[in-house]
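Okay, structure first, notes after.
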Amino acid sequence: MPFFRYALLVLLMLMATTGFAHAYIDGGSAHLIIQGLIAAAVGALYYLRNPKEIWRAIKRRFGRDRS
């Protein structure tokens, strides 16, 4: 029970001392997001152009006899 009281006290203190939040996305994060979106678009485009070939390559890779 002391943990619950402590958590409640911390929550009340945080609510009583609210302030402005100045948030932004720095350049590194923005470039990471943009790079991920570009990679997803290129991957989707490649898959949509060659779906049968990709599935055959996956089956060949994991379908080998490993004995």
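Derivation of every value follows stated rules applied to the coordinates shown; laboratory data play no part. Fair warning: this is a prediction, and the values are worked out from it, not measured in the lab. Cβ placement follows ideal geometry from the backbone for every residue including glycine, while neighbour counts extend to all protein chains displayed.
Segment residue 42..residue 57, full-extension length gain: 3.6 nm, with 0.36 nm per residue of separation and the alpha-carbon distance subtracted. Scanning the chain for trypsin sites (Lys or Arg not before Pro) in DSSP loops with at most 11 neighbouring Cβ atoms within 10 Å leaves 1-63 as the longest stretch between them.
Sparse packing (at most 11 other Cβ atoms within 10 Å of the Cβ) combined with a DSSP loop state is found for the following chymotrypsin sites (Phe, Trp or Tyr not before Pro) in the chain: 20, 24. The helix-based estimate of mean residue ellipticity at 222 nm for the chain, built from -39,500 (n - 2.57) per DSSP H run of four or more residues and divided by its residue count, is -25000 deg cm²/dmol to the nearest 500.
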